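Student: One structure is given below, represented as structure tokens, and several questions about it will come after.
The values are calculated or read from the model by the stated rules, or taken from the named source; none is laboratory data. The shown structure was predicted, so the numbers you read here are calculated from the model rather than taken from an experiment. Ideal geometry is used to build each Cβ from the backbone, glycine not excepted, and the neighbour counts take in all protein chains shown. Areas reflect the complete protein model, heavy atoms only, side chains present, ligands, DNA and RNA absent. Shrake-Rupley method; radii C 1.70, N 1.55, O 1.52, S 1.80 Å.
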Amino acid sequence: MRTVKQRILSFLGLWGVWLLLTAPWNSEEAAAGAVVALLVAALPFSRASPLGDLKLGPRALATLVAYFFVFTKALVLSNLDVAFRVLHPRLPIAPGIVKVKTRLKTPLGRLLLANSITLTPGTITVEMRGEDVFVHWIKVADADPEGATAAIVGGFEKYLEVICG
Amino acid sequence: MNEIVGAFVSLAGSLFFLLSAVGLLRMPDAFNRMQAGTKATTLGSILFLLGIGIMKPDWLGRMVILIVFIVLTNPVSSNALARAAHAHRKRIGARLEPDALAAEDGGKEAGHAG
């Protein structure tokens, strides 16, 4: 079941990239791309591939779409926040590394969480040890792990938990 | 019409590139320079590429692929840089309060930490 899901996802991913690359579409090119993507997806690959952690139920897919918008909003807001700090004459920063805890168990979930934290300006994932994530924060608002977890991870985690546990 | 909208979106993207260049000059240490630099690679390049895609709709698919690749690969290099900077934090004069990672390492390696 897990490998079937991985093969379907890698077929869709490969074919999607091909379709986007050959943008003004014609049916011959699309069919040739589908054949090659099927062949590649049928090759044997590692069981440990993190693609298998993705859930495909209707609720997970709806959450995936919602997560896209939540992440875009967080990205824009934190970009404006860091832009404000850069332009402020007194440079209001108080950098530090805080420890936050994550409830996510799967490798894909933790990968997505760490990458989301790094992509939003103002926070960078420095290290990950088990369920502890060490985050460099440009303005430490709360040094204690629970408060920092709520501020940095809280918004992303409840969506990622539904998408990939 | 498309051309004008796309040009303004690209302009907004290049504004973020400018802001992060200012940030690179003003920030005091490697970590904070990375924070300012993240702005250029995220919203800066995303808006810039989207603007090109809006100007030339035939290229929109290719621009989306570029955005996806940037979003997937940028955090990996940022993470490697941040770990390297933390390993050399004393030599680059980074001011970190609190430093939970050093506290965790200090607890375990108190015996041979110089």
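Student: Given the conditions (1) without any contact (Cβ under 8 Å) to a residue 40 or more places away in the chain; (2) facing another protein chain (nearest Cβ under 9 Å), which single one is not true for B:Ala40?
Tutor: The number of the failed condition is (2).
Student: Run down A:Phe69, A:Phe84, A:Phe45 and say which single residue is assigned by TED's automatic domain parsing to the domain that holds A:Met128 and surrounded by 11 or more Cβ atoms within 10 Å (Cβ to Cβ).
Tutor: Numbers: A:Phe69 fails: surrounded by 11 or more Cβ atoms within 10 Å (Cβ to Cβ); A:Phe45 fails: assigned by TED's automatic domain parsing to the domain that holds A:Met128.
So the residue among A:Phe69, A:Phe84, A:Phe45 that is assigned by TED's automatic domain parsing to the domain that holds A:Met128 and surrounded by 11 or more Cβ atoms within 10 Å (Cβ to Cβ) is A:Phe84.
Student: Consider A:Thr120 carefully, then state whether it is within 25 Å of B:Arg89 (Cβ to Cβ) and either hydroxyl-bearing (Ser, Thr, Tyr) or not assigned by TED's automatic domain parsing to the domain that holds A:Ala62 (or both). Can you show your working first?
Tutor: Details: within 25 Å of B:Arg89 (Cβ to Cβ): yes; either hydroxyl-bearing (Ser, Thr, Tyr) or not assigned by TED's automatic domain parsing to the domain that holds A:Ala62 (or both): yes.
Yes, satisfied.
Student: Examine the stretch B:7-17 for a residue that is without any contact (Cβ under 8 Å) to a residue 24 or more places away in the chain and buried (at least 20 other Cβ atoms within 10 Å of the Cβ), and state whether such a residue exists.
Tutor: Looking through the stretch B:7-17, none of the residues is without any contact (Cβ under 8 Å) to a residue 24 or more places away in the chain and buried (at least 20 other Cβ atoms within 10 Å of the Cβ).
Student: Looking at the stretch B:12-29, is at least one residue under 23 Å from A:Met128 (Cα atoms) and facing chain A (nearest Cβ under 10 Å)?
Tutor: As a first pass, look at the stretch B:12-29 and keep what is under 23 Å from A:Met128 (Cα atoms): B:29.
Imposing the further condition that a residue be facing chain A (nearest Cβ under 10 Å) reduces the set to B:29.
The answer is yes; a qualifying residue exists.
Student: Which residues, taken from the stretch A:135-149, are closer than 22 Å to B:Ala80 by Cα and open to solvent by less than 10 Å² (accessible area, probe 1.4 Å)?
Tutor: A:Val135, A:His136, A:Ile138
Student: Here is a list: B:Val68, B:Val64. Which entry is facing another protein chain (nearest Cβ under 7 Å), among the aliphatic types (A, V, I, L, M), within 22 Å of the chain's Cα centre (by Cα) and open to solvent by 50 Å² or more (accessible area, probe 1.4 Å)?
Tutor: On the way: B:Val68 fails: facing another protein chain (nearest Cβ under 7 Å).
Being facing another protein chain (nearest Cβ under 7 Å), among the aliphatic types (A, V, I, L, M), within 22 Å of the chain's Cα centre (by Cα) and open to solvent by 50 Å² or more (accessible area, probe 1.4 Å) holds for just one of B:Val68, B:Val64, which is B:Val64.
Student: Looking only at helices (runs of 4 or more DSSP H) that lie completely in the stretch B:1-111, which have at least 2 residues being out of contact with any helix residue (DSSP H, G or I) (no Cβ under 7 Å at 6 or more places or on another chain) and closer than 30 Å to A:Leu14 by Cβ?
Tutor: Details: elements: B:2-26, B:30-39, B:45-55, B:60-87, B:100-108.
The helices (runs of 4 or more DSSP H) meeting that bar are B:60-87.
Student: Here are the criteria: (1) among the basic types (Lys, Arg); (2) within 15 Å of the chain's Cα centre (by Cα); (3) under 26 Å from A:Leu21 (Cβ atoms). Tell me which single one B:Lys39 does not satisfy.
Tutor: That leaves (3) as the condition not met.
Student: Give the residues of the stretch A:139-165 that are closer than 21 Å to B:Val71 by Cα and aliphatic (A, V, I, L, M), sorted by residue number.
Tutor: Once the filter is applied, which keeps residues that are closer than 21 Å to B:Val71 by Cα and aliphatic (A, V, I, L, M), the stretch A:139-165 yields A:Ile152, A:Val153, A:Leu160, A:Ile163.
Student: Under 6 Å between Cβ atoms, at least 6 apart or on separate chains: pull out the pairs that start in the stretch A:21-33 with a residue that is assigned by TED's automatic domain parsing to the domain that holds A:Phe11 and end on any residue that is in a helix (DSSP H, G or I) and aromatic (Phe, Trp, Tyr).
Tutor: From the stretch A:21-33, the pairs are A:Gly33/A:Trp15; A:Gly33/A:Trp18.
Student: Considering only the stretch B:75-93, state which residues are in contact (Cβ under 8 Å) with a residue 24 or more places away in the chain and surrounded by fewer than 18 Cβ atoms within 10 Å (Cβ to Cβ).
Tutor: B:Leu81, B:Ile92, B:Gly93
Student: With the checklist (1) over 30 Å from B:Lys39 (Cα atoms); (2) touching a helix residue (DSSP H, G or I) at 6+ places or on another chain (Cβ under 7 Å); (3) surrounded by 14 or more Cβ atoms within 10 Å (Cβ to Cβ) in hand, flag the one item A:Glu29 doesn't pass.
Tutor: Status for A:Glu29: all satisfied but (2).
Student: A further question follows. Quick one: count up the residues across the stretch A:92-110 that are touching a residue at least 60 places away in the same chain (Cβ under 8 Å) and not basic (Lys, Arg). Explain how you work it out, then say what you get.
Tutor: Narrowing the stretch A:92-110 to residues touching a residue at least 60 places away in the same chain (Cβ under 8 Å): A:104-105.
Retained after the next criterion (residues that are not basic (Lys, Arg)): A:104.
The number of residues fulfilling the criteria is 1.
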